[in-house]
2 protein chains.
Amino acid sequence: MSYKAPLKDMLFNLRHLARIDEIASLPGFEDAGFETAQAVLEEAAKFNEQVVAPLNRAGDVQPSSWKDGTVTTTPGFKDAFRQFAQGGWQGLQHPVDFGGQGLPKAIGAACIEMVNSANLSFALCPLLTDGAIEALLTAGSDELKAIYLEKLVSGEWTGTMNLTEPQAGSDLALVRSRAEPQPDGSYKVYGTKIFITYGEHDMADNIAHLVLARVTGAPEGIKGISLFLVPKFLVNPDGSLGKRNDVQCVSIEHKMGIKASPTAVLQYGDGMVASIASSTGPGAVGYLVGQENRGLEYMFIMMNAARYAVGVQGIAVAERAYQQAVAYAKDRVQSRPVDGSIKASAAIIHHPDVRRMLMTSRALIEGCRAMASVAAAAYDAAHHHTDAEARKQNQTFYEFLVPLVKGYSTEMSLEVTSLGVQVHGGMGFIEETGAAQHYRDAKILTIYEGTTAIQANDLVGRKTLRDGGQTAKAIAAQVEATEAELKRQGGVDALAVARHLAAARAAFVDVVDFLVAQQDPNAVYAGSVPYLMLAGNLMAGWQLARALLAAQANLSEDAAFMQAKITTARFYAEHILTRTAGQRAAIVEGAASVTALPLEAF
Amino acid sequence: MSYKAPLKDMLFNLRHLARIDEIASLPGFEDAGFETAQAVLEEAAKFNEQVVAPLNRAGDVQPSSWKDGTVTTTPGFKDAFRQFAQGGWQGLQHPVDFGGQGLPKAIGAACIEMVNSANLSFALCPLLTDGAIEALLTAGSDELKAIYLEKLVSGEWTGTMNLTEPQAGSDLALVRSRAEPQPDGSYKVYGTKIFITYGEHDMADNIAHLVLARVTGAPEGIKGISLFLVPKFLVNPDGSLGKRNDVQCVSIEHKMGIKASPTAVLQYGDGMVASIASSTGPGAVGYLVGQENRGLEYMFIMMNAARYAVGVQGIAVAERAYQQAVAYAKDRVQSRPVDGSIKASAAIIHHPDVRRMLMTSRALIEGCRAMASVAAAAYDAAHHHTDAEARKQNQTFYEFLVPLVKGYSTEMSLEVTSLGVQVHGGMGFIEETGAAQHYRDAKILTIYEGTTAIQANDLVGRKTLRDGGQTAKAIAAQVEATEAELKRQGGVDALAVARHLAAARAAFVDVVDFLVAQQDPNAVYAGSVPYLMLAGNLMAGWQLARALLAAQANLSEDAAFMQAKITTARFYAEHILTRTAGQRAAIVEGAASVTALPLEAF
């Protein structure tokens, strides 16, 4: 099943919601206006449609495989990644100083969606490399930056994030990996890390592992965790590759989905790799990133970037599943339309429930894409605006949106990929059809880089309660302003959307008031995920409401597209925003029943 | 991961909701009171926990395999099925005249849940055999009954349902398989059937295929379809097996889940099987079931039984996933409880969102189980009541519930199996954990035996609009009576449930009014699945409300269990019933936007 990048929708968002021309007025982004965006997106579309997308099914059928510590990726991946690197795609958003293109996140996010739609497993390698680059940019010494950044930005080398250990998943306080300072200023790192995406592979010459570990004598808990860069191969002063480091891939996981993406168990410093162990004794050579005991702080920078990107993965896999469902629905002939419009068996897209499934998918995808685009624009302004207050406001807005982009977009991807299978009927359950792969692939997205519950904790704790609900309320006021604009517009679609948006916004404010006033932490966290779903729903619906206004105002530009946007926004309001009533009730009226059942009754 | 049958909950439902002692007062069920139910369920639990459940993972790892027309099932399946047959489990609900035990469906349904929780793939074989038995009982000639029924009821032979063809899935009007009458009264059957569950296997000596085909010269469309019994092996007059019939399994499907259950492509009458072809020429020997051209009618009888059973499969796989999630949540230690109740990392079941996921699962399962139990009791009364009016009322009620048991319980199983993976975090995505299998297995349930949309069409068309909403309104009146009882009970839990039940019932009535008044068929069918979800939600929530009343009244009997039931009912009301507000709005206010987007915009 082929993939066609939704360029029109992406460019509509960039122009009307993310306002790329305003971003291009910020220092450093002078060349990043709409025309640049269009050119970059068209190139990305071509590359991902033609090179990356055709490898998606192969990755499912011939997953990456492990033998004797070495991982061989799916045939075709290595070559595609070489082309990806050569095309400059890894460096799209990264600084020009290190060989990147320095483009805004708003443009980068659209490209990241495309590569993920094309191939979720493939795209994980650059996604994690982006995280490593981000960490080094933030906290790496000049020396580390000089040695590693250009290679990572160019895609010659790749990066990983090493957080999880068998006993330490969501709870990083339990990390046990340790690091011993060496006389030369480096460290020897020891420990076992699991669930390391692309922790070992054959697509690049070297891998820079970013690893959380405790320096000998560091405090217990999260305040004693430091971040290290541990390269697969040591790097000589001239930049050439030296000895193999003492980090070994002892196995990769057998997973339900994203099978082409090797998920490694990495063993650091047990002397299994002879070349280094013989010369210096066991222990993986690592380099401290930033200061000791501040590892979690740096890791959070990487994670925020990665969380945003995983949210985009949700949009991406949903888009791919939706496209496949649409194609099948147009092709598969079964039963007469109920309205009698065709007097013979017709393509199933004529059946109202198939339309409902496709519209639900489309509305969720477009809503989440709009939200992600606006979040990216806020990130760009937060980093490039000349005005400190504007930077701060945009940063606050971005940080509020990150758990929603991650949590809501990935949860919606479960719904859309399930509908994608459902539209196919029995054929959807047959692996050769390909719809099932999206369903299996998507399920990791609500889990890795922080489960939906972890996102919800972040949303409730850091992003909502910490400032007494101020940010949340300020955003609600912006939603209200959009309602007023819709009413001024006055069309039947705008008014319908305004009404549902107002109800959803009121539900959101109710919930924020409830959470802020709540004394019982169990009641707060019992409602955290429903609150995330409600807030994500509202933010996505709000952006579609803004999209409706833009579409109405620019109807003549591309009438069919603009009219479809209006219809989709209205569908979202009527079918998705209306879910918020139940979510509000569950949170506000049902907090106690969540934890009322005694443990022994389970 | 082991399985423990939820006997207490099943027996509670039988006693207080299905009212097994009233069923036992009906003629033919004299020995089927509570004590019998208890004894049978305990035996079933033992058998399924010990013999069938341990084979579940094996079936996923070593699926049934095809070679040269022969299917070899997962190691252990054949022996387990022999024990299943010998234990009399196939015949539980079938007439004593043919070797069955003649027990009520209310008891049978609980046993069917157990075998499906134990092993969804395994349980499909008896499930389809039940359908074949039902069809023969309804429409088979005395001769066919004499030859086949005892063997099927005893589990010596198994049965299949052959509806689907490549071009005819939901739309049976497109069936092309044909049957030619032979001088001896038999037929020769020709055609290709796909998606035939246990269409070929090694677990029984013979297979009775029930096949839809058109007799030469029959009318076009669904009025020209007849039902045939085509045995894998012809049967000699003395009951011994004769020649191999001309039906060949040409392949089995490679599926996302229920991998141990062979899904066959069957080729009828192309002469590939030499033994029969040589003597009589090509063509599969088939025997007409009932009258020509009434095949669909008989098939619907089988399908109604099968649809109910698939609904129970949804409950079953959800229960299994829930049990596994509970075990993991009690075992996995990660992070401190937010309420400070434990000053160290604790089992994740202490975290409110894990509790929310487990309670959501539990409430959905118990609600659907209660609904299915009550539906089964209605079936029993519909068939055994001495009063014709009572029979009719019960039949109407049962028929209203069948699409809900099928549609709602299977849709909820997608939610629960997804939560089951989610509770496991990253481990859930690793196949060895087993949670992913339930997620993959469950997805077929919303598709086969009629997709959720097909169930919804049935609910809207035959069950709601045909009598102008009368049945639906009569049921709503019964719900209202329960609300009144809750208010009389007057406890804080009862009152909370009454309030949410009333709101959900009002939403239901609104939707029924909307559907009945609607002139545009597109608007009716645009809302059909949301209506099914709303109605299923209400019916399950209503039964839990009745359960709450029974638990309050019998608190002293088993205080911990009864209190858990009350808490679960309240959770359901606050967290699940509250979803109906959004569903109502989507149906009543959002009908037009479902089909508003022109086809070319997709």
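The values are calculated or read from the model by the stated rules, or taken from the named source; none is laboratory data. A quick note: this is a predicted structure, and the numbers were derived from the prediction, not measured. Neighbour counts run over all protein chains shown; Cβ positions are idealised from the backbone, glycine included.
Please go through the range B:550-579 and give me each residue that is out of contact with any His (no Cβ under 6 Å at 6 or more places or on another chain), surrounded by fewer than 22 Cβ atoms within 10 Å (Cβ to Cβ), touching a residue at least 12 places away in the same chain (Cβ under 8 Å) and more than 11 Å from chain A (Cβ to nearest Cβ), ordered by number.
Within the range B:550-579, B:552, B:554, B:558 qualify.
Of all residues in the range B:147-190, which are within 26 Å of residue B:309 (Cβ to Cβ) and among the small types (Gly, Ala, Ser)?
Within the range B:147-190, B:154, B:155, B:159, B:168, B:169, B:170, B:173, B:177 qualify.
Looking for whichever is away from chain A (no Cβ under 13 Å), more than 15 Å from residue B:194 (Cα to Cα) and either modelled with pLDDT under 95 or in contact with a His (Cβ under 9 Å, 6 or more places away or on another chain) (or both) here; the options are B:132, B:146, B:139. Which one fits?
Going through B:132, B:146, B:139 in turn, just one is away from chain A (no Cβ under 13 Å), more than 15 Å from residue B:194 (Cα to Cα) and either modelled with pLDDT under 95 or in contact with a His (Cβ under 9 Å, 6 or more places away or on another chain) (or both): B:132.
Only one of A:407, A:426 is in contact (Cβ under 8 Å) with a residue 24 or more places away in the chain, of a type in the set (Gly, Ala, Ser), assigned to a helix (DSSP H, G or I) and surrounded by 19 or more Cβ atoms within 10 Å (Cβ to Cβ); which?
One residue alone meets the criteria, A:407.
Yes or no: residue B:200 more than 14 Å from chain A (Cβ to nearest Cβ), in a loop (DSSP other than H, G, I, E, B) and within 30 Å of residue B:56 (Cβ to Cβ)?
yes
Could you pull out the residue among B:515, B:459, B:501 that is more than 22 Å from the chain's Cα centre (by Cα), within 24 Å of residue B:307 (Cβ to Cβ) and crowded, with 19+ Cβ neighbours inside 10 Å?
Within the list B:515, B:459, B:501, the selection yields B:515.
Go through (1) more than 11 Å from chain B (Cβ to nearest Cβ); (2) of a type in the set (D, E, K, R); (3) touching a residue at least 60 places away in the same chain (Cβ under 8 Å); (4) within 24 Å of residue B:353 (Cβ to Cβ) one by one and return the number of the condition residue A:449 breaks.
So residue A:449 meets the others, but not (1).
Could you identify the single residue in A:322, A:328, A:298 that is modelled with pLDDT of 95 or more, surrounded by fewer than 24 Cβ atoms within 10 Å (Cβ to Cβ), in a helix (DSSP H, G or I) and of a type in the set (Phe, Trp, Tyr)?
Every option except A:328 fails the conditions.
Test each condition in (1) more than 12 Å from chain A (Cβ to nearest Cβ); (2) among the acidic types (Asp, Glu); (3) buried (at least 24 other Cβ atoms within 10 Å of the Cβ) for residue B:387 and report the one that comes out false.
Condition (3) is where residue B:387 drops out.
Identify the single condition in (1) small (Gly, Ala, Ser); (2) surrounded by 18 or more Cβ atoms within 10 Å (Cβ to Cβ); (3) over 24 Å from the mean Cα position of the chain (by Cα) that residue A:257 does not satisfy, given that it satisfies every other one.
Going through (1) small (Gly, Ala, Ser); (2) surrounded by 18 or more Cβ atoms within 10 Å (Cβ to Cβ); (3) over 24 Å from the mean Cα position of the chain (by Cα) one by one, residue A:257 breaks only (3).
Got a sec? Which of B:444, B:430 is touching a helix residue (DSSP H, G or I) at 6+ places or on another chain (Cβ under 6 Å), at the interface with chain A (Cβ under 7 Å from one of its Cβ atoms) and modelled with pLDDT of 95 or more?
B:444
Would the range A:301-317 turn up any residue that is within 30 Å of residue B:455 (Cβ to Cβ), more than 12 Å from chain B (Cβ to nearest Cβ) and either crowded, with 24+ Cβ neighbours inside 10 Å or not β-branched (Val, Ile, Thr) (or both)?
yes
Of the conditions (1) farther than 23 Å from residue B:427 by Cα; (2) of a type outside the set (Ser, Thr, Tyr); (3) assigned to a helix (DSSP H, G or I), residue A:468 satisfies every one except a single condition; which number is it?
(3)
For residues in the range A:162-178 being at pLDDT 95 or above and not in a loop (DSSP other than H, G, I, E, B), which is nearest to residue A:214 (Cα to Cα)?
A:178
Within the range B:1-66, which helices (runs of 4 or more DSSP H) (wholly inside it) include 2 or more residues that are under 23 Å from the mean Cα position of the chain (by Cα) and among the aliphatic types (A, V, I, L, M)?
B:7-12, B:20-23, B:34-47
Considering only the range A:216-228, state which residues are in contact with a helix residue (DSSP H, G or I) (Cβ under 6 Å, 6 or more places away or on another chain) and at pLDDT 95 or above.
A:218, A:225, A:226, A:227
Tally up the residues in the range A:518-531 that are crowded, with 24+ Cβ neighbours inside 10 Å and either more than 10 Å from chain B (Cβ to nearest Cβ) or without any contact (Cβ under 8 Å) to a residue 60 or more places away in the chain (or both), please.
Counting residues in the range A:518-531 that are crowded, with 24+ Cβ neighbours inside 10 Å and either more than 10 Å from chain B (Cβ to nearest Cβ) or without any contact (Cβ under 8 Å) to a residue 60 or more places away in the chain (or both) gives 2.
Of all residues in the range A:240-249, how many are surrounded by fewer than 17 Cβ atoms within 10 Å (Cβ to Cβ) and touching an Asp or Glu at 6+ places or on another chain (Cβ under 9 Å)?
Residues flagged as surrounded by fewer than 17 Cβ atoms within 10 Å (Cβ to Cβ) and touching an Asp or Glu at 6+ places or on another chain (Cβ under 9 Å) within the range A:240-249 amount to 1.
Going through A:501, A:532 one at a time, which residue ends up being touching a helix residue (DSSP H, G or I) at 6+ places or on another chain (Cβ under 7 Å), under 18 Å from residue A:465 (Cβ atoms) and not β-branched (Val, Ile, Thr)?
A:532
Within the range B:142-189, take every residue that is more than 21 Å from the chain's Cα centre (by Cα) and of a type in the set (Ser, Thr, Tyr) and give me the one that is surrounded by the fewest Cβ atoms within 10 Å (Cβ to Cβ).
Going through the qualifying residues, I end up with B:154.
Only one of B:374, B:354, B:338, B:333 is touching a residue at least 40 places away in the same chain (Cβ under 8 Å) and over 19 Å from the mean Cα position of the chain (by Cα); which?
When all the criteria are applied, what remains is B:354.
Please indicate, with yes or no, whether at least one residue in the range B:261-275 is at pLDDT below 95, hydroxyl-bearing (Ser, Thr, Tyr) and surrounded by fewer than 22 Cβ atoms within 10 Å (Cβ to Cβ).
Yes, the conditions are met somewhere in the range B:261-275.
For the range B:464-472, indicate whether the set of residues that are in contact (Cβ under 8 Å) with a residue 24 or more places away in the chain and within 14 Å of another protein chain (Cβ to nearest Cβ) is non-empty.
Yes, there is a match, as at least one residue in the range B:464-472 is in contact (Cβ under 8 Å) with a residue 24 or more places away in the chain and within 14 Å of another protein chain (Cβ to nearest Cβ).
Could you run through the range A:338-354 and say how many residues are of a type outside the set (Ser, Thr, Tyr) and either within 8 Å of chain B (Cβ to nearest Cβ) or part of a helix (DSSP H, G or I) (or both)?
Result for the range A:338-354: 10.
Do you know which residues across the range B:32-76 are basic (Lys, Arg) and either in contact (Cβ under 8 Å) with a residue 12 or more places away in the chain or on the phi > 0 side of the Ramachandran plot (or both)?
Listed by number, the list holds a single entry, B:57.
Anything in the range B:580-602 that is part of a helix (DSSP H, G or I) and either within 22 Å of residue B:416 (Cβ to Cβ) or facing chain A (nearest Cβ under 8 Å) (or both)? List them, or say none.
The answer is B:580, B:581, B:582, B:583, B:585, B:586, B:589, B:593, B:594, B:599, B:600, B:601.
Hey, among the residues in the range A:163-180 that are within 14 Å of chain B (Cβ to nearest Cβ) and touching a residue at least 40 places away in the same chain (Cβ under 8 Å), which one's farthest from residue A:287 (Cα to Cα)?
Applying the filter and picking the extreme gives A:170.
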